[in-house]
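Enquirer: Here's a structure for you.
The values are calculated or read from the model by the stated rules, or taken from the named source; none is laboratory data. As the structure is a prediction and not an experimental result, all values here were calculated from the model. Counting neighbours? That spans all protein chains shown, and the Cβs are built from the backbone with ideal geometry, glycine included. Calculation scope for accessible area: heavy atoms of the full protein, side chains included, ligands and nucleic acids excluded. Shrake-Rupley method; radii C 1.70, N 1.55, O 1.52, S 1.80 Å.
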Amino acid sequence: MNRKKAMRKAGIATMGVMVGAAALLAGCGNDKSPAAGGTGNSNAPEAKGPLNLSIMTLMYAEPPKADSEVQKKIEEYTNTKLDISWVPNSSYKEKVNVTIASGELPKALLVQNNKDSNILSAVRAGVFWEVGPYLNDYPNLAKMNKTVFDNIKVDGKIYGLYRARDLSTYGIIYRSDWLKNVGLSEPKTVDDLYNMFKAFSLNDPDKNGKADTVGLTEEKTMDGFGVIAAFMGAPNGWEVKDGKLSPDFLAPEYYEAMKFYKKLYDEKLIKQDFPVLNTQQKKDDINQGKAGAVISNMIDGASYQASLTKSFPGADVDVVSRITGPKGERTPGGVGYNSVFMFPKSSVKTEAELKQILGFYDKMSDQKMLDLLGWGIEGRHYKLEDGKPVFIDQKLQDTEVGSSYLQLQVAKYTAKTTGKETPLMEKYGKMIKDNESIAVGNPTNPLVSETQTTKGSELKPIIDDARTKFILGKLDEAGWKQAIEQWRKAGGDKVIEEFNVQNGKNGK
């Protein structure tokens, strides 16, 4: 999905403390850095005992215990003693702000968007280690995608390890048993999607004789909108139009996608309270049999299937991602990563220690660790059938491993050993690979706009709020155009200008 270009605005006082702390912290590290292309040598002796590694990362469920069997296996394999601060995803960005401002940083800090203004300020103040010159010394890290590293660069340098992700994972997850009940077949066009959402809302798809279902569930961030917009032919974040970069919401196809969502809302084919729902509530709508479809990472289909089967015997889930629109088959492409591990100089004081930490992440990409974090522990989370792993209880694995320890990994989570997959898993696995050929990229991924950096958290809500109001019928076309003008005058025109200048310098 589109890279989130801005986060909630930090208070002026907090930012002032952060920048001041950044300048102070910059002097705490070893400024000796090898020349580009080499790693240099450190006279510091290599540690003989386990590496003590403090990490701050996010979690999606309850935090695991430090003496969990999974953590013990990680520590043993990597010769590391881990001290992990688990932070709920819902409050993670705020916690990163506070942590940077405090100056008390872990040795490895997961940052969800390294192009956010506070992170850029810290990088430019010298808070974090540049790691680019070291990467070729580690077999797994050296294999990571160079284009994706370009996407995370700041001022031409690499300040962290990205968590690799497939380029195109989003699609529509839907109740195929409901589709059969209403007499429809797999959707292939935007009109087919509309007809499916309508039938799921009005035609008693669960056959309980009650009008208690809705076609599509969504959440306040409207993650699914970018997928529908791509189907409609809209750009992914930005586009090159007449030789110049232009934001997606100026495209007429983006407006058509808004009208599609408005139609769903007006006809009550989408959850009416979606502007106040969060991710978990959206998932609950599917798992509790209230909604028939969700636009999401297709990998979520397996967990939906597992949950629904327990509650509704006979429930069945399917996925679709290639929907034909005015410009053919299209899907939004991602940046190839989700979050970046960065290493503060205040806590990682020497080059030798930095190399040890990079070695930890390199070993975490060994197949044994990929399988531990992808499958869990044999006999508890998975078993072998015909020589291939298969989940015993995928929900247990997700709770104890996937929602927590998997967040330590920089390799793709799909890099685990291929197991004995269900037809659904095989289907979306193939889709994810095949869809790279139709993925629409965002040409601003490698670029930085200074105005976007400083004002992005003010600019983004102007468009997001106007989009939601339009869908709810609280804003007409004239109001939408006024919001665009407001965005332009508040700094948007400057963002366009700066992206184009930088794009021109890059020769793209």
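Enquirer: State yes or no: is G171 in contact (Cβ under 8 Å) with a residue 60 or more places away in the chain, part of a strand (DSSP E or B) and either in contact with a helix residue (DSSP H, G or I) (Cβ under 8 Å, 6 or more places away or on another chain) or open to solvent by 10 Å² or more (accessible area, probe 1.4 Å) (or both)? First the steps, then the outcome.
Expert: Numbers: in contact (Cβ under 8 Å) with a residue 60 or more places away in the chain: yes; part of a strand (DSSP E or B): yes; either in contact with a helix residue (DSSP H, G or I) (Cβ under 8 Å, 6 or more places away or on another chain) or open to solvent by 10 Å² or more (accessible area, probe 1.4 Å) (or both): yes.
In short, yes.
Enquirer: Here's a check for you: in the stretch 485-496, which residue that is in contact with a helix residue (DSSP H, G or I) (Cβ under 7 Å, 6 or more places away or on another chain) and either buried (at least 16 other Cβ atoms within 10 Å of the Cβ) or at pLDDT below 95 (or both) is farthest from K153 (Cα to Cα)? Give the steps one after another, and end with the answer.
Expert: Of the stretch 485-496, the ones in contact with a helix residue (DSSP H, G or I) (Cβ under 7 Å, 6 or more places away or on another chain) are 486-487, 490-492, 494-495.
Then keep just the ones that are either buried (at least 16 other Cβ atoms within 10 Å of the Cβ) or at pLDDT below 95 (or both); that gives 487, 491-492, 494-495.
On the way: W487: 27, G491: 24, G492: 23, K494: 22, V495: 19 Å.
By that ranking, first place goes to W487.
Enquirer: Against the conditions (1) in a loop (DSSP other than H, G, I, E, B); (2) at pLDDT below 95; (3) over 23 Å from V319 (Cβ atoms), where does Q407 fall short? Just the number, please.
Expert: For Q407, the failing item is (1).
Enquirer: Something else about it: For the stretch 49-85, which residues satisfy the criterion of being open to solvent by 30 Å² or more (accessible area, probe 1.4 Å) and hydrophobic (A, V, I, L, M, F, W, C)?
Expert: A61, A66
Enquirer: Residues to consider are S102, S168, S117; find the one that is over 30 Å from S296 (Cα atoms) and of a type outside the set (D, E, K, R).
Expert: Numbers: S168 fails: over 30 Å from S296 (Cα atoms); S117 fails: over 30 Å from S296 (Cα atoms).
The unique qualifying residue is S102.
Enquirer: A further question follows. Filter the stretch 318-347 down to the residues that are within 28 Å of L396 (Cα to Cα) and either aromatic (F, W, Y) or open to solvent by less than 10 Å² (accessible area, probe 1.4 Å) (or both) and list them by number. Let's see the steps before the verdict.
Expert: Let us first name the residues in the stretch 318-347 that are within 28 Å of L396 (Cα to Cα), namely 318-321, 336-341.
V319, V320, S321, G336, Y337, S339, V340, F341 - these are the residues of the stretch 318-347 that are within 28 Å of L396 (Cα to Cα) and either aromatic (F, W, Y) or open to solvent by less than 10 Å² (accessible area, probe 1.4 Å) (or both).
Enquirer: If you go through the stretch 464-484, how many residues are of a type in the set (D, E, K, R), over 27 Å from the mean Cα position of the chain (by Cα) and either open to solvent by less than 60 Å² (accessible area, probe 1.4 Å) or farther than 12 Å from F249 by Cβ (or both)?
Expert: Start the filter on the stretch 464-484 by keeping residues that are of a type in the set (D, E, K, R), which leaves 464-465, 467, 469, 474, 476-477, 481.
Within this subset, residues satisfying the condition of being over 27 Å from the mean Cα position of the chain (by Cα) are 474, 476-477, 481.
Retained after the next criterion (residues that are either open to solvent by less than 60 Å² (accessible area, probe 1.4 Å) or farther than 12 Å from F249 by Cβ (or both)): 474, 476-477.
Looking only at that region, the number is 3.
Enquirer: Right, something else. Could you list, in sequence order, all residues of the stretch 384-395 that are farther than 10 Å from K420 by Cα and out of contact with any Lys or Arg (no Cβ under 6 Å at 6 or more places or on another chain)? Before you say what the answer is, go through the steps one by one.
Expert: So in the stretch 384-395, the residues farther than 10 Å from K420 by Cα come out as 392-395.
D393, Q394, K395 - these are the residues of the stretch 384-395 that are farther than 10 Å from K420 by Cα and out of contact with any Lys or Arg (no Cβ under 6 Å at 6 or more places or on another chain).
Enquirer: A follow-up question, please. Would you mind listing the helices (runs of 4 or more DSSP H) fully within the stretch 447-508 where at least 2 residues are hydrophobic (A, V, I, L, M, F, W, C), over 19 Å from S121 (Cα atoms) and without any contact (Cβ under 8 Å) to a residue 24 or more places away in the chain?
Expert: On the way: elements: 450-471, 477-487, 493-505.
Once the helices (runs of 4 or more DSSP H) in the stretch 447-508 are filtered for at least 2 residues that are hydrophobic (A, V, I, L, M, F, W, C), over 19 Å from S121 (Cα atoms) and without any contact (Cβ under 8 Å) to a residue 24 or more places away in the chain, what remains is 477-487.
Enquirer: All but one of (1) buried (at least 17 other Cβ atoms within 10 Å of the Cβ); (2) in a loop (DSSP other than H, G, I, E, B) hold for D371; state the number of the condition that does not hold.
Expert: Condition not satisfied by D371: (2).
Enquirer: Now for a different question. Taking the stated definitions as given, is F200 free of Cβ contacts under 8 Å to residues at least 60 places away in the same chain, over 21 Å from K349 (Cα atoms), among the aromatic types (F, W, Y) and touching a strand residue (DSSP E or B) at 6+ places or on another chain (Cβ under 9 Å)?
Expert: On the way: free of Cβ contacts under 8 Å to residues at least 60 places away in the same chain: no; over 21 Å from K349 (Cα atoms): yes; among the aromatic types (F, W, Y): yes; touching a strand residue (DSSP E or B) at 6+ places or on another chain (Cβ under 9 Å): yes.
Taking the combined requirement at face value, the residue does not satisfy it.
Enquirer: Which of (1) assigned to a loop (DSSP other than H, G, I, E, B); (2) within 24 Å of N278 (Cβ to Cβ) is the odd one out, the single condition K93 does not satisfy?
Expert: Of everything listed in (1) assigned to a loop (DSSP other than H, G, I, E, B); (2) within 24 Å of N278 (Cβ to Cβ), K93 misses just condition (1).
Enquirer: Now for a different question. For the stretch 273-314: of the residues being over 20 Å from G402 (Cβ atoms) and charged (D, E, K, R), which is least open to solvent (accessible area, probe 1.4 Å)?
Expert: Filtering first and then ranking leaves D285.
Enquirer: Can you confirm whether the stretch 138-151 contains a residue that is in contact with a helix residue (DSSP H, G or I) (Cβ under 8 Å, 6 or more places away or on another chain), under 18 Å from N442 (Cβ atoms) and buried (at least 19 other Cβ atoms within 10 Å of the Cβ)?
Expert: Going through the stretch 138-151, the residues in contact with a helix residue (DSSP H, G or I) (Cβ under 8 Å, 6 or more places away or on another chain) turn out to be 138-142, 144, 149.
Cutting the leftovers down to under 18 Å from N442 (Cβ atoms) gives us 149.
If we keep only those that are buried (at least 19 other Cβ atoms within 10 Å of the Cβ) too, we end up with 149.
Yes, some residue in the stretch 138-151 is in contact with a helix residue (DSSP H, G or I) (Cβ under 8 Å, 6 or more places away or on another chain), under 18 Å from N442 (Cβ atoms) and buried (at least 19 other Cβ atoms within 10 Å of the Cβ).
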